[in-house]
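The values are calculated or read from the model by the stated rules, or taken from the named source; none is laboratory data. Everything numeric in this text was worked out from a predicted model, so none of it was measured. Cβ sites come from the backbone with ideal geometry, for glycine too, and all protein chains shown count toward neighbours. These accessible areas exclude ligands, DNA and RNA; they are computed on the full protein's heavy atoms, side chains included. Shrake-Rupley method; radii C 1.70, N 1.55, O 1.52, S 1.80 Å.
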Amino acid sequence: QESRGLGDVYKRQVRGRLHQLLSKSASSTRTKRNKTRKCLILTMSTTRDYSSQPEGDLLVDVKWLHKNVEDPKVQIIDCTWKMPNERNPHPRVEWEKNRILNARFFDIDTIATFDEIRKLPHMLPSVELFNKSMNEWGIENDDHVIVYDNSNQFFASARVWWTFRVFGHKKINILAGGVPQWNKVVSELGEPKVTKKKGHVSPYKASFHPELVKDLKEVMNNLETKKYQVIDARSEIRWRGLEKEPREGLRSGHIPNSFNVPFRSLIDK
């Protein structure tokens with residue numbers, strides 16, 4: 001009962017924080033607030049205890065991973081990604097120099113579909129490409145996958161978590177604290193010895209869940225219907241169009257009627 005009470009307090013704090021951000025955004029765009037819309041917001045905090053029943057939570061604690069890293073059914077993926085103007089060094093180089101034991105590198109630029117019509121890179125991969133990547137790594141549908149960033153910003157790991165969910169993977173968590181927190185725990189408890197080996201590996205079979213994705217046509221229709229509330233998680237300066245987009249060829253600004261909730265504003269340092 002006490003833990004549930006603390007959870008309720010946490011939820012109220014997050015809702016209050018979101019209310020302030022959304023109210024500010026709504027005021028700046030002069031959007032009417034008397035219309036009911038559906039809105040899905042994902043929040044993450046590294047201050048809670050995620051060490052028990054990790055499959056049921058979004059995040060998993062580094063101490064849990066340290067204890068279970070030798071389990072053959074636990075698969076670790078480094079999802080580090082950077083904007084084109086920040087790739088010095090390249091994320092793959094960072095992975096090669098500083099990664100968690102046996103972690104594979106999920107390259108969002110290659111495990112993705114390129115939109116030939118609009119010339120847009122790293123779109124959501126196809127079922128075939130996702131299956132191919134999982135089979136190359138020996139990941140099975142019932143494996144417990146842990147994803148992380150090389151930082152503590154959830155910048156790319158949240159996207160990869162969502163990608164796994166889109167393709168029907170159930171046991172998927174984000175590592176709270178990423179590599180910095182892992183290194184801290186290793187310095188305290190020591191480097192675990194990983195000798196895990198898998199026997200027969202079953203082919204991965206992804207199942208696409210379209211309800212977790214909105215395509216361009218649906219977003220365009222929503223400009224008229226206003227059935228859903230679009231939230232822009234970029235920085236406010238990019239949302240306002242006051243800063244040039246880091247990817248060449250993209251115009252600045254935001255989707256009409258979207259609210260701005262910078263994702264970094266929802267992360268506890």
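Listed values, structure above:
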{"read-out": "Probe 1.4 Å, all protein chains present, accessible-area order of 204, 228, largest first", "value": "228, 204"}
{"read-out": "Packing rank of 157-165, 207-215, where each peptide gets the mean count of other beta carbons within 10 Å, highest leading", "value": "157-165, 207-215"}
{"read-out": "Rg/Rh (Cα only; Kirkwood hydrodynamic radius) as it applies to segment 162-269", "value": "1.09"}
{"read-out": "HN-Hα J in Hz across segment 248-254 - Karplus 6.51, -1.76, 1.60, θ = phi - 60°, x for Gly and Pro", "value": "4, x, 9, 7, 7, x, 8"}
{"read-out": "Size of electric dipole in segment 78-202: Cβ of Lys, Arg +1 and of Asp, Glu -1, about Cα centre, debye, nearest 20", "value": "180"}
{"read-out": "Cα-based convex hull, segment 98-159, per residue volume (Å³, whole number)", "value": "109"}
{"read-out": "Relative contact order of segment 164-263, pairs being alpha-carbon contacts under 8 Å that are 6 or more residues apart, as %", "value": "24"}
{"read-out": "Heavy-atom accessible surface of segment 55-207: percent carbon and sulfur, 1.4 Å", "value": "51"}
{"read-out": "Cross-link reach list, aspartates and glutamates versus residue 63, counting only Cα pairs under 20 Å and skipping chain neighbours closer than eight places", "value": "49, 55, 71, 78, 143, 149, 188, 191, 268"}
{"read-out": "Between segment 94-143 and segment 229-256, the alpha-carbon center distance in angstrom", "value": "26"}
{"read-out": "Of the GluC sites (Glu not before Pro) in segment 63-163, those whose Cβ has at most 15 other Cβ within 10 Å and which sit in DSSP loop", "value": "70, 116"}
{"read-out": "Accessible-area order (highest first, 1.4 angstrom probe) of the listed residues 242, 65, 266", "value": "242, 266, 65"}
